[in-house]
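Note sheet for the following structure.
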Amino acid sequence: MENTAPQLDLFTRLEIAIEERNEAAEAFDVFKQDAVMAHAPAAGEEPAVTSEDAADAAAGEVDDFNAEVNGLLQDATDAELAAAYEQSGGEVGNPVAEALLGEIKRREGRA
């Protein structure tokens, strides 16, 4: 069966990927806290699970979303970047606008 769903524009794909990355990062922070609390040591003992251990265990998912965002930016044409940045409104604090602007500046520095 042929996929007839319309292709999402760069802005929308970045918005989704960044939101998923942020949700994964928040879940990661909760997981890290829960893992450390669940393995709290008895008085005078070393913790069975440190926050670093928990961080290592959950960081891969956040890295995957970061790679997705970077891939979207790097695969986009200059015209797609410009159109998506215009669509973002260029607002300071908007993670999509900031990611797009960062890629645009990176490319300008490379030229």
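Yes or no: Ala42 exposed (fewer than 11 other Cβ atoms within 10 Å of the Cβ) and either modelled with pLDDT of 85 or more or out of contact with any Leu (no Cβ under 9 Å at 6 or more places or on another chain) (or both)?
Values: exposed (fewer than 11 other Cβ atoms within 10 Å of the Cβ): yes; either modelled with pLDDT of 85 or more or out of contact with any Leu (no Cβ under 9 Å at 6 or more places or on another chain) (or both): yes.
Yes; evaluated as a whole, the condition is true for this residue.
Residue-wise test of (1) farther than 18 Å from Gln7 by Cα; (2) among the hydroxyl-bearing types (Ser, Thr, Tyr); (3) in contact with a His (Cβ under 9 Å, 6 or more places away or on another chain); (4) surrounded by 15 or more Cβ atoms within 10 Å (Cβ to Cβ).
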residue: Asn70; (1), (2), (3), (4): yes, no, no, no
residue: Gln87; (1), (2), (3), (4): no, no, no, yes
residue: Val92; (1), (2), (3), (4): yes, no, no, no
residue: Glu103; (1), (2), (3), (4): yes, no, no, yes
residue: Arg106; (1), (2), (3), (4): yes, no, no, no
Filtered residue count, the range 45-86, keeping only those that are hydroxyl-bearing (Ser, Thr, Tyr) and modelled with pLDDT under 95:
2
Scanning the range 72-85 for residues that are of a type in the set (A, V, I, L, M) and assigned to a helix (DSSP H, G or I), the one surrounded by the fewest Cβ atoms within 10 Å (Cβ to Cβ) turns out to be Ala79
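The values are calculated or read from the model by the stated rules, or taken from the named source; none is laboratory data. Just so it is clear, the structure is predicted and the values come from calculations on it, not from any experiment. All Cβ positions, glycine included, derive from the backbone under ideal geometry; neighbour counts span all protein chains shown.
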